[in-house]
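Novice: Structure below; questions to follow.
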Amino acid sequence: MKEDIRNKLQNVLEDRVFHKTEDCISYGYDGSFGQHIPDFVVQVQSTEEVQSVVRIANEFNMPITPRGASTSLSGGPLPVEKGIIMDFSQWDHYLEIFPEDLLIKASPGVITGDIHKLADEHNLMYAPDPSSSSICTIGGNLAENAGGPRGVKYGVTKDYVLGLEVVTAQGEVIQTGGNTVKNVTGYDLTKLIVGSEGTLGVITEATLRLIPKPLATKTAMILFDDLYTAGKSISTILTSGVRPSKMEILDNNALNRVEDYAKLDLPREASAILLVEVDGDPTILDKELQTIKEALLQIGVDKVDIAENKEDEDKLWQVRKLVSPAIVESGYTKISEDVTLPLSKIPDMFKKIDEIKQKHDLNIVVFGHAGDGNLHPTLNTNMRDQNEVERVEDAVEEIFSYAVQLGGTLSGEHGIGTMKRAFMTKELGESGVQFQKAIKTALDPNNLLNPGKIFPIAGEERLVLRNE
Amino acid sequence: MIDKLDYQATFDCVQCGYCLPVCPTYIAFKNEKHSPRGRINLVKLVAEEKLEIADMEEGIDLCLGCRACETICPTNVRYGDILMSAVEVIKENKDMTLKEKGIRTGAFKLALKNKRVIRMMNKGLYFYQKSGLSKTVSKSGLLKPLPKYNDLNKAMPDVILSERITNNINPFRKKDIQVGFFQGCIMDAFFKRINDLAVKIMEKHDVQVTNIKKQTCCGALQHHAGEHDMTVVQAMKNIEAYEKYDFDYIVNTIGGCGATLREYPKLFEEGSVWHGRAVKFTEKVRDISEIMSMLHLEMTEPVNMNAVYQPSCHLEHVQQVFKDPMNMINNVPGLKYIDMQDKSLCCGSAGVYNIVHFDESMQILDLKMRNVKTARPTLIITSNPGCHIQMQLGLEREGMSDEVLVKHLVEVVAEACNIS
Ligand SMILES: Cc1cc2nc3c(=O)[nH]c(=O)nc-3n(C[C@H](O)[C@H](O)[C@H](O)COP(=O)(O)OP(=O)(O)OC[C@H]3O[C@@H](n4cnc5c(N)ncnc54)[C@H](O)[C@@H]3O)c2cc1C
Ligand code: SF4
Ligand code: SF4
């Protein structure tokens, strides 16, 4: 049978079909955990090819897992039930800008960074800016509803999608949305598809919204003596009348690791630092930072450093950029979490994580997009130490549970995939999960599109990082 | 297997994929197996015995070893070490199964045993230089796949081996900087002119240059072929030869050799005496562009050309020399520099890659030539003989060899300094 499928796939795609283990195995991982081997990898390059592959999959009842650049941090593109990996990374040729309409149209494999570049050339901006944008695909961003540092002011991927072309689980093509910001014709299927992690349909083209490019930016670094005040200052800033374009927080551990790594003369004793960027007309940026400074003074925060020039500003952001490399320890694996909380609850979460860290004797640093409550507690783990891996699993579980308890969510931007599906019921409740599942079953009754994702598997109640 | 492969280093890879857009083989072959992330994963799985050695062979064989992935990697994965460990394991496995064919490891072995491949390359270099390549390529079948290389070998004249640079220690001439010159084997034979010019530039600017008779090949070829023991012997010889002198720097004009010299400490166990000696040696190793940047060069003659720069991968990604060649280029009077897109992308020459993996190498060269054509230079500046011949070949394939010259950075600077 496998031979039959292969022949049919090759009829459509010729040499853009891989079937040997040594080729397929490289399509069995992502930026999280787990190694799987798909039966086939197909490198699709047109809507018609996608349709044909979906029809072949239907004929043989073989699952399909869409894949962009496989930078997912939640297991989204892992072929957990084998079958076909539909690789979009080579379908990156269509990218067209319509500057007068403030629109861009793109094929799913276009790299997000190329969209940024093209928009920039026309003095426009595509706002969503995941840190992975130099490599991730727009299809992957749409499927995960990716966010980024600019989320606090500009929102996330879903806020910039006007329309999609989607191939359904049956192989039909549908259009959702259109070319206009306002559109209430029928259900908002665009938003349903965005963030569906490739489980409801395959995205074959996107129409994205652009906005005018801000003229300039200016950045301040704020130091805190205690975490509670750090947390409080986030709300203070956001209610001061100024809307920062970025607000990134690093806890003392993260800060010290960056200092160890890069020796930037950072204040090692600070409990946390906050980087705040404002953007817009250069003449008002100083004034805005001044407003923030005054508001902070009201709550006793007086250590505010404002970057005087572009060079200093870049240096400040360097601190944030270096967190990831700095916290990777040789031989250890970095497990990045993605809990998101109401802003007022951030200090509680910091406190809790500190407790969990002590209790399980683990190496945890916290940083994240403070402005939208999205934290990335990151655990450095020796994956070859069984006992430590179990402690990490416990710790992650405790962090999730506490996030839900605080009225937050499991995932702000990385998605559920395989990593967090065991906790879905905890957050949504049984009927919440069933409602979502009903949508999945209606659109993909044979469960061919990216099976094994989002929904909890019977009996699975906790996070399992081990992969044997 | 876990002991033989650099399993530990594979854990530093967080599979973020940042390395994909800079990897020439991924860009050209469009298969994740040919990406750094894919290769590291293959090595890891072989180490865990979840895959056979044979499963990683093609992926590893087709790696250029350009190490662009190391420069971009946010977590500093030691890709070079992972690669070398895999090459050694593949080679060992082959020795055992006696299935040596014309693939990379086998070809290297051949090269080392009877010097055929090296000679072939050398002849190539000689010829490219002499004839500007045009006739050779069409006659020799360089444009056609691998087997045609036999013809090439036959078609080429014998090469007159260059003489060594004279030992020019002169006790009465005290100069500011004392350097020991490292000529390199390939460079010695065919780029003697460039070495000569480099020495002349240094001497004209008050550098005391000494050539060491006892130096031997840097060991790069052996190393890339997985011949660890042979590399170690060569490294020891060189360290021994140079540590007798009190040089400020040990200078070479070849991006690839310099990289090997700079990685000598990796060949010895940390803490051992030889490791210490290697570290001392390596601290002094410099590329010629670094030395030239230190000097106040008297560049008086305009070089009126439009130039792009094709950096040697190992100069950039191993030696981490980025700025100095650019400094030089920007200071040459009359020279108009054009920033070529993806200039740091490997040209596909990569040691003897263009001989053992001819088709693949040409695919990568085509990517490069696309950017050259857009830039429209009249001169391509290189910093390594391998790149030099590959760029010549590229021009020839595109029919551009009449309009565009290829020169080593040293030649350009020498011209500007009125040295010939
Ligand atoms: C270093 C690093 C930094 C990161 N920073 C951020 C960040 O700041 N913000 C953020 O939100 N995320 C971040 N991520 C996570 C990741 O980059 C995003 O989730 C990204 O959107 C994934 O895109 P991708 O192209 O790699 O998709 P993949 O990982 O290949 O796939 C992701 C999901 O999308 C599905 N999919 C892919 N293409 C299609 C398609 N055409 N149609 C339907 N489904 C499809 C897949 O099935 C899968 O479920 C980061 C990851 C890394 C490694
Ligand atoms: S950039 Fe480094 S960590 Fe990321 S995938 Fe490549 S080798 Fe691995
Ligand atoms: S060394 Fe060069 S060819 Fe090899 S994996 Fe790294 S970037 Fe790719």
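The values are calculated or read from the model by the stated rules, or taken from the named source; none is laboratory data. Keep in mind the model is a prediction, meaning the values are calculated, not measured. Heads up, the Cβs are rebuilt from the backbone with ideal geometry, glycines too, and the neighbour counts pull from every protein chain shown. In case anyone asks, the SASA skips ligands and DNA or RNA and just uses the protein heavy atoms, side chains included. Shrake-Rupley method; radii C 1.70, N 1.55, O 1.52, S 1.80 Å.
Novice: Each residue of the stretch A:357-363 in order: what ³J(HN,Hα) in whole Hz does its phi give by Karplus 6.51 cos²θ - 1.76 cosθ + 1.60, θ = phi - 60°, with x for Gly and Pro?
Specialist: Along the stretch A:357-363, the couplings run 4, 5, 4, 9, 6, 10, 9 Hz.
Novice: If you take the charge dipole of the stretch A:1-213 about its Cα centre, with +1 on Lys and Arg Cβ and -1 on Asp and Glu Cβ, which of A:Met125, A:Ile135, A:Val167 is farthest toward its positive end?
Specialist: After comparing all options, I get A:Met125.
Novice: Measure out, as a whole number of angstrom, how far apart the alpha-carbon centroids of the stretch B:303-381 and the stretch A:267-303 sit.
Specialist: After rounding, the separation between the Cα centres reads 45 Å.
Novice: Continuing with the same structure: Only Cα pairs under 8 Å and at least 6 apart count here; give the relative contact order of the stretch B:301-369 as a rounded whole percent. Let's see the in-between values first.
Specialist: Details: 65 pairs, mean separation 24.1, N = 69.
Relative contact order here is 35 percent.
Novice: Using every alpha carbon pair in chain A, what percent of pairs falls into each 20 Å bin from 0 up to the bin containing the largest distance?
Specialist: Spelled out bin by bin, chain A gives 24, 55, 21, 1 percent.
Novice: Turning to a different aspect of this structure: Accessible area drop of at least 10 Å² (1.4 Å probe, protein heavy atoms): which residues of the stretch A:302-332 qualify, relative to the chain alone?
Specialist: Buried by 10 Å² or more upon assembly, which counts only protein chains, are A:Pro325, A:Val328, A:Ser330, A:Gly331, A:Tyr332.
Novice: Also, quick follow-up: Report the charge-dipole magnitude of the protein assembly as shown in Debye, nearest 20, computed about the Cα centre from +1 at each Lys and Arg Cβ and -1 at each Asp and Glu Cβ. Kindly include the intermediate steps, with their values, before the conclusion.
Specialist: On the way: 100 positive and 123 negative charges, 544 e Å.
Here the size comes out at about 2620 debye.
Novice: I would also like to ask the following. From the phi angles alone, apply the Karplus equation (6.51, -1.76, 1.60; θ = phi - 60°) to the stretch B:199-213 and give each ³J(HN,Hα) in whole Hz, x where the residue is Gly or Pro.
Specialist: These are the phi-based 3J(HN,Hα) values: 4, 5, 4, 5, 5, 4, 10, 6, 10, 8, 9, 10, 9, 9, 5 Hz.
Novice: Which value at 222 nm does chain A reach when only helices count, each DSSP H run of 4 or more adding -39,500 (n - 2.57), with the total divided by all residues and rounded to the nearest 500 deg cm²/dmol? Please list the in-between numbers first.
Specialist: Details: 15 runs with 168 residues, N = 468.
That calculation yields -11000 deg cm²/dmol at 222 nm.
Novice: Just report the Cα centroid separation between the stretch A:318-373 and the stretch A:201-249, whole Å.
Specialist: 18
Novice: While we're on this one: What per residue convex hull volume, in Å³, comes out for the stretch A:1-213 when only alpha-carbon positions are used?
Specialist: Details: hull volume 24.1 nm³, N = 213.
Once divided by residue count, the hull of the stretch A:1-213 is 113 Å³.
Novice: With N residues in the protein assembly as shown, what two-decimal value do you get for its Cα radius of gyration over 2.2 N^0.38 Å?
Specialist: Working: Rg = 29.3 Å, N = 888, 2.2 N^0.38 = 29.0 Å.
The value comes to 1.01.
Novice: Here's a follow-up. Amide H to amide H under 5 Å from A:Thr333: which residues, 5+ apart in sequence or cross-chain, H placed 1.01 Å off N in plane?
Specialist: A:Thr381, A:Asn382, A:Met383
Novice: Leaving out ligands, DNA and RNA, what percent of the accessible area of the protein assembly as shown is carbon and sulfur, probe 1.4 Å?
Specialist: Numbers: 17920 of 36120 Å².
Taking all protein chains in place, the protein assembly as shown shows 50 percent carbon and sulfur surface.
Novice: Take every residue in peptide B:27-34, count the Cβ atoms of other chains within 10 Å of its Cβ, and give the average of those counts.
Specialist: Working: counts 0, 0, 0, 5, 10, 15, 9, 2.
If you average over the peptide's residues, the count of other-chain Cβ atoms is 5.
Novice: Tell me which GluC sites (Glu not before Pro) from the stretch A:1-97 have a DSSP coil assignment and no more than 11 other beta carbons within 10 Å of their own. List each step's numbers first, then the result.
Specialist: Values: sites: A:Glu3, A:Glu14, A:Glu22, A:Glu48, A:Glu49, A:Glu59, A:Glu81, A:Glu96; in loops: A:Glu14, A:Glu81.
Within the stretch A:1-97, the qualifying GluC sites (Glu not before Pro) (loop, at most 11 other Cβ atoms within 10 Å) are A:Glu14.
Novice: Please list, by residue number, every one of the GluC sites (Glu not before Pro) in the stretch A:137-182 that is coil in DSSP and has at most 12 other beta-carbon atoms within 10 Å.
Specialist: Values: sites: A:Glu144, A:Glu165, A:Glu172; in loops: A:Glu172.
Loop-located and lightly packed - A:Glu172.
Novice: Before I look further, what does the protein assembly as shown give for accessible area per residue, probe 1.4 Å, in whole square angstrom?
Specialist: Numbers: 36120 Å² over 888 residues.
That works out to 41 Å² per residue.
Novice: Using a 1.4 Å probe on protein heavy atoms, which residues of the stretch A:73-107 have at least 30 Å² less accessible area in the complex than alone?
Specialist: A:Gln90
Novice: Take peptide B:2-14, look around each residue's Cβ out to 10 angstrom, count Cβ atoms belonging to other protein chains, and average those counts. Show your work: numbers first, answer last.
Specialist: Numbers: counts 0, 0, 0, 0, 0, 2, 3, 2, 1, 9, 7, 2, 10.
Across B:2-14, the average partner-chain Cβ count within 10 Å equals 3.
Novice: Hand me the trypsin sites (Lys or Arg not before Pro) from the stretch B:13-99 located in a DSSP loop with no more than 13 other Cβ atoms within 10 Å, in residue order please.
Specialist: Details: sites: B:Lys30, B:Lys33, B:Arg37, B:Arg39, B:Lys44, B:Lys50, B:Arg67, B:Arg78, B:Lys91, B:Lys94, B:Lys99; in loops: B:Lys30, B:Lys50, B:Arg67, B:Arg78, B:Lys99.
Qualifying residues, ordered by number: B:Lys50, B:Lys99.
Novice: Follow-up. What whole number of Å gives the distance from the Cα centroid of the stretch A:127-183 to the Cα centroid of the stretch B:1-24?
Specialist: After rounding, the separation between the Cα centres reads 30 Å.
Novice: Next question. Roughly how tilted is helix A:252-262, in degrees to the nearest 10 and between 0 and 90, from the longest Cα axis of chain A?
Specialist: 80
Novice: Normalised by the residues of the stretch A:57-141, what does the relative contact order come to in percent, with Cα pairs under 8 Å and at least six apart? Numbers along the way, then the final one.
Specialist: Details: 131 pairs, mean separation 24.4, N = 85.
29 percent.
Novice: Let me ask something additional. If you plug each phi of the stretch A:52-65 into the Karplus form 6.51 cos²θ - 1.76 cosθ + 1.60 with θ = phi - 60°, what whole-Hz ³J(HN,Hα) values come out, in order, with x for Gly and Pro?
Specialist: Ordered by residue, 3J(HN,Hα) equals 4, 5, 4, 5, 4, 4, 4, 4, 9, 6, 10, x, 10, 10 Hz.
Novice: What is the diffusion coefficient of the stretch A:216-326 in µm²/s, taking the Kirkwood radius over Cα pairs and the Stokes-Einstein relation at 20 °C with a viscosity of 1.002 mPa s?
Specialist: On the way: Rh = 14.0 Å.
Once the numbers are plugged in, D ends up at 153 µm²/s.
Novice: Per residue in the stretch B:62-89, which ones lose no less than 10 Å² of accessible surface when going from chain alone to all protein chains (1.4 Å probe)?
Specialist: Residues of the stretch B:62-89 that lose at least 10 Å² of accessible area once the other chains are added: B:Pro74, B:Thr75, B:Asn76.
Novice: What's the buried accessible area, both sides, between B and A using a 1.4 Å probe, rounded to 100 Å²?
Specialist: 2500
Novice: Can you pick out the pairs among A:Lys420/A:Lys453; A:Lys105/A:Lys158; B:Lys4/B:Lys280 whose Cα atoms lie more than 18 Å from each other? Please report the intermediate quantities before stating the final value.
Specialist: On the way: A:Lys420/A:Lys453 9 Å; A:Lys105/A:Lys158 15 Å; B:Lys4/B:Lys280 28 Å.
Flagged as over cut-off: B:Lys4/B:Lys280.
Novice: Something else about it: Quick one: if you take sqrt(5λ) for each eigenvalue of the C-alpha gyration tensor of the stretch A:305-362, what semi-axes come out, biggest first, whole angstrom?
Specialist: Details: eigenvalues 152, 76, 20 Å².
For the stretch A:305-362, the ellipsoid semi-axes come out as 28, 19, 10 Å.
Novice: Name the long-range amide H neighbours of B:Ile177: under 5 Å, sequence gap of 5 or more, or other chain; modelled H, no Pro or chain starts.
Specialist: Close amide H contacts, sequence-distant or interchain: B:Gln208.
Novice: Which percent, to the nearest 5, of DSSP beta bridges fully inside the protein assembly as shown are antiparallel?
Specialist: If I count the DSSP bridges inside the protein assembly as shown, around 65 percent turn out antiparallel.
Novice: Can you give me the long-range amide H partners of A:Asn363? Hydrogens built in the peptide plane at 1.01 Å from N, cutoff under 5 Å, separation of 5 or more residues or another chain.
Specialist: A:Asn380
Novice: Expressed as a rounded percentage, what relative contact order does chain A have, with Cα pairs under 8 Å and six or more residues apart? Walk me through the intermediate numbers first.
Specialist: Values: 983 pairs, mean separation 71.0, N = 468.
15 percent.
Novice: Also: Please go through the residue pairs B:Lys91/B:Lys237; B:Lys91/B:Lys368; A:Lys321/B:Lys323; A:Lys321/B:Lys50; A:Lys2/B:Lys44; A:Lys359/A:Lys426 and name each one whose alpha carbons sit more than 26 Å apart in this structure.
Specialist: Working: B:Lys91/B:Lys237 24 Å; B:Lys91/B:Lys368 30 Å; A:Lys321/B:Lys323 23 Å; A:Lys321/B:Lys50 35 Å; A:Lys2/B:Lys44 28 Å; A:Lys359/A:Lys426 23 Å.
Long pairs (Cα-Cα over 26 Å): B:Lys91/B:Lys368; A:Lys321/B:Lys50; A:Lys2/B:Lys44.
Novice: Turning to a different aspect of this structure: Using a 10 Å cut-off on Cβ to Cβ distances, tally the other chain neighbours for every residue of A:26-32 and report the average as a whole number. Please report the intermediate quantities before stating the final value.
Specialist: Values: counts 12, 4, 3, 7, 3, 5, 2.
Mean shielding by partner chains, rounded to a whole number: 5.
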